[in-house]
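Quick notes on the structure that follows.
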Amino acid sequence: TSKERTFIAVKPDGVQRNLVGEIISRFERRGYKLVGLKLLVPPVELAKEHYADLSSKPFFAGLVDYMTNGRAPVVGMVWEGPSVIKQGRIMLGATDPKNSGTGTIRGDFCLSIGRNIVHGSDSAESAEKEISLWFGGKGEVVNWTSNNEEWVIS
Ligand code: DAT
Ligand code: MG
């Protein structure tokens, strides 16, 4: 549906490398609607819950430290629009940038799986979980009508 939502985050390396505007711009230009936005150093417990399905992996501790150590913050976003979960993943590119196509965010801006600059929900279930985890407070996700909508969605 056109009200589908996904959680997209610019990771600390993406913030440090000044790619926040570039990443927001790609979703804006595509026609998706920004309905949630925040800058934060995530608490360790939030990062652990966010990546809970990877908790047994050897890289888990390093992944949580990279996300939470405060050398740069994370920009968390909620984007809304048709097929935004699947299309967001396509716009990001493959998890490992050496397999990410040119034209994708990871394929254009990074080289290493451990510094792949951006996160996107991989399914309806993870989008729902991640949006409530990162934007659980009242009013943190904003319902609004874009005046462009009839020129973007039909
Ligand atoms: P994605 O971020 O594309 O959803 P994922 O959920 O499998 O990928 O993994 C989450 C993040 O964990 C990924 O963006 C980077 C890190 N990661 C995954 N596999 C890794 C590996 N083999 N070595 C180091 N970091 C890894
Ligand atoms: Mg994932």
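Quick notes
- Test for THR6: is it of a type in the set (Ser, Thr, Tyr) and more than 13 Å from the chain's Cα centre (by Cα): no
- For first residues located in the stretch 32-45 and within 10 Å of PHE7 (Cα to Cα), partners that are part of a helix (DSSP H, G or I) and lie 6+ apart or on another chain with Cβ distances below 6 Å do not occur.
Condition check ((1) more than 14 Å from the chain's Cα centre (by Cα); (2) assigned to a helix (DSSP H, G or I); (3) basic (Lys, Arg)) across all residues:
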site	(1), (2), (3)
PRO82	yes, no, no
ILE90	no, yes, no
ALA94	no, no, no
LEU133	no, yes, no
LYS138	yes, no, yes
ASN147	yes, no, no
TRP151	yes, yes, no
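- Of all residues in the stretch 27-53, those that are surrounded by 13 or more Cβ atoms within 10 Å (Cβ to Cβ), within 16 Å of ligand 2 (Cβ to nearest atom) and not charged (D, E, K, R) total 5.
- Verdict on ILE24 being at pLDDT 95 or above, buried (at least 17 other Cβ atoms within 10 Å of the Cβ), assigned to a helix (DSSP H, G or I) and not polar (S, T, N, Q): yes
- Within the stretch 35-79, the residues that satisfy the criterion of being part of a helix (DSSP H, G or I), within 14 Å of ligand 1 (Cβ to nearest atom) and closer than 14 Å to GLU130 by Cα are ALA47, LYS48, GLU49, HIS50, ALA52, ASP53.
- Here MET67 does not qualify as within 21 Å of TYR32 (Cα to Cα) and either at pLDDT 95 or above or more than 15 Å from the chain's Cα centre (by Cα) (or both).
- Just so you know, in the stretch 96-122 the residues that are of a type in the set (Asp, Glu) and not in a helix (DSSP H, G or I) include one that is nearest to ligand 2 (Cβ to nearest atom), and it is ASP122.
The values are calculated or read from the model by the stated rules, or taken from the named source; none is laboratory data. None of these values were measured; they are calculated from a predicted model. We place every Cβ from the backbone using ideal geometry, glycine too, and count neighbours over all the protein chains shown.
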